[in-house]
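Written out below as structure tokens is the structure these notes cover.
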Amino acid sequence: MALTAGIVGLPNVGKSTLFNAITKAGVEAANYPFATIDPNVGVVEVPDQRLQKLTELVKPKKTVPTTFEFTDIAGIVKGASRGEGLGNKFLSHIREVDAICHVVRCFEDENITHVSGNVDPIADIETINLELVLADLESIDKRIARVAKIARTKDKDALAELEVMEKIKPVLEEGKSARSIEFSEDELPIVKSLFLLTTKPVLYIANISEDDVMNGGTNDHVKAVEEFAASENAEVVTICARVEEEVAELEEDEKQAFLEEMGIAQSGLDILIQKAYYLLGLATYFTAGEQEVRAWTFRQGMKAPQAAGIIHSDFERGFIRAETVAYDDLLNYGSMLAAKENGKVRQEGKEYIVQDGDVMLFRFNV
């Protein structure tokens, strides 16, 4: 799964601190050959308690979690859509990611200057959103001019594309994102082909202070971000990037003790990874045997042969069937044999849509 979430934000909002936490928590290159893809890519394990439970049940020789990528996007300033600052680099990097994790400053600190002079998370969000909208508007205007010429020949594809773009343009002109528009099933492939920045799913990250963590993990700034996100049907993860950077340097037992002392059930970074993972429409299936228990990332809606191909192309090419049991059923009965005896192990064919948490054994022949 070559899907990645890009971390964006204005200067001095905590974006770099958060990315430092991600890279410090990252997997070692020795264990994952592709972990050192780029200096600005952090590869982290996807936290999943189910993997630990399966390990305790099966007692394999090794356990391998699935991983996820975050890309640190170049900083942005007002005017990025016109190439101001690192605008062109920022926009090109956003085009390459599949989802946006937008870090918003929700803490007061007189020692850290805000780029606009005062802490206003909604103004910060709107600054970045507007630059993306303007970039999309420019892209749409250019494409309409080209496609309209073809549409005059009554070309069906050109007419359909022009209709979709004329639906998007007035929304962008109002300063709203294209993802705020409802599209039909027929329109969605056309929208996807436009590669618009504002169709990418967004997760807002409210960065709070250490004092706010100790006082319940919220403040008026966070509440404002939550209200804004709700209007977009987006989610918010509240974290303290500075605390996460400290937590990322600790061993697992020290980490748990530190979180308990802070009154936190789960690290914000773990929650962020999980939220970004599902934001991209990703899910996890497992393989479990004496040699190895392993988590595999797949796209929701994927059929069994394609999911098998994630392990090896031969699995997909020679797919016969998939012996499948739901994670909860396997845990409930304690073993694959007991689950089978109770009719919980299914023989799934080529049309089976893999579900999050499936434990699978693929049968194939090449």
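The values are calculated or read from the model by the stated rules, or taken from the named source; none is laboratory data. Just so you know, these numbers come straight off a predicted model, no measurement behind them. Don't worry about glycine lacking a Cβ; one is built from the backbone with ideal geometry, like all the others, and counts go over all protein chains shown. Note: areas computed on protein heavy atoms with side chains; ligands, DNA, RNA excluded. Shrake-Rupley method; radii C 1.70, N 1.55, O 1.52, S 1.80 Å.
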Subject >> Relative compactness, the range 254-299, computed as alpha-carbon Rg over 2.2 N^0.38 Å >> reply: 1.55
**OP:** Would you mind checking Lys15/Lys167; Lys169/Lys275; Lys24/Lys275; Lys15/Lys303 for any pair whose Cα atoms are more than 26 angstrom apart?
**Re:** Lys15/Lys167; Lys169/Lys275; Lys15/Lys303
Original post:
What number comes out for the charge environment of Tyr285, summing +1 per Lys or Arg and -1 per Asp or Glu over other residues with Cβ under 9 Å away?
Top reply: -2
Original post:
Summing -39500 (n - 2.57) over the DSSP H runs of n ≥ 4 in the chain and dividing by its residue number, what mean residue ellipticity at 222 nm do you reach, to the nearest 500 deg cm²/dmol?
Top reply: -13000 deg cm²/dmol
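How about the range 136-182: which GluC sites (Glu not before Pro) there lie in a loop by DSSP and see at most 11 other Cβ atoms within 10 Å?
Working: sites: Glu138, Glu161, Glu163, Glu166, Glu173, Glu174, Glu182; in loops: Glu174, Glu182.
The qualifying sites are Glu174, Glu182.
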Original post:
DSSP loop trypsin sites (Lys or Arg not before Pro) in the range 141-215 with at most 12 other Cβ atoms within 10 Å of their Cβ, which ones?
Top reply: Arg152, Lys154
Original post:
Each residue of the range 224-229 in order: what ³J(HN,Hα) in whole Hz does its phi give by Karplus 6.51 cos²θ - 1.76 cosθ + 1.60, θ = phi - 60°, with x for Gly and Pro?
Top reply: 5, 5, 4, 5, 5, 4
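Looking at the range 257-299, which GluC sites (Glu not before Pro) are in a loop (DSSP not H, G, I, E or B) and have at most 10 other Cβ atoms within 10 Å? Before the final figure, lay out the partial values.
Details: sites: Glu260, Glu261, Glu290, Glu292; in loops: Glu290.
For GluC sites (Glu not before Pro) across the range 257-299 that sit outside H, G, I, E and B with at most 10 neighbouring Cβ atoms in 10 Å, the list reads Glu290.
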Original post:
For the range 155-304, what proportion of DSSP beta bridges, expressed in % and rounded to the nearest 5, is antiparallel?
Top reply: 60 percent
Subject >> Derived scalar couplings ³J(HN,Hα) [the range 123-130; Karplus, 6.51 cos²θ - 1.76 cosθ + 1.60; whole Hz; x for Gly, Pro] >> reply: 4, 4, 4, 5, 4, 5, 4, 5
**OP:** Kindly provide log₁₀ I(q)/I(0) values, in the same order as q = 0.16, 0.29 Å⁻¹, from the Debye equation applied to equal alpha-carbon scatterers of the range 99-166.
**Re:** -0.67, -1.18
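Tell me the net charge near Leu203. Cut-off is 9 Å between Cβ atoms, Leu203 excluded, with +1 for each Lys or Arg and -1 for each Asp or Glu. Can you show the working numbers first?
Working: positive: Lys275; negative: Glu235.
Spelling it out: positives minus negatives among the neighbours equals 0.
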**OP:** Return, for the Cα atoms of the chain, the radius of gyration and Dmax in Å, separated by a comma.
**Re:** 23.0, 69
**OP:** Determine the percent antiparallel among the DSSP beta bridges restricted to the chain, to the nearest 5.
**Re:** 50 percent
Subject >> Positive minus negative residues near Val325 (Lys, Arg vs Asp, Glu; Cβ under 11 Å) >> reply: -2
Original post:
Just how many % of Cα pairs in the range 212-366 lie over 25 Å apart, if you round to the nearest whole percent?
Top reply: 51 percent
Subject >> Accessible area per residue, Å², the chain with all protein chains present, probe 1.4 Å >> reply: 52 Å²
Subject >> Under Karplus coefficients 6.51, -1.76 and 1.60, residue-wise ³J(HN,Hα) of the range 61-68 in Hz, glycine/proline x >> reply: 6, 8, 10, 10, x, 8, 10, 8
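Quick one: putting +1 on the C-beta of Lys and Arg, -1 on the C-beta of Asp and Glu, what dipole do you get for the chain around its Cα centre, in Debye to the nearest 20? Before the final figure, lay out the partial values.
Values: 39 positive and 62 negative charges, 399 e Å.
Using Cβ point charges on Lys, Arg, Asp and Glu, the chain gives about 1920 debye.
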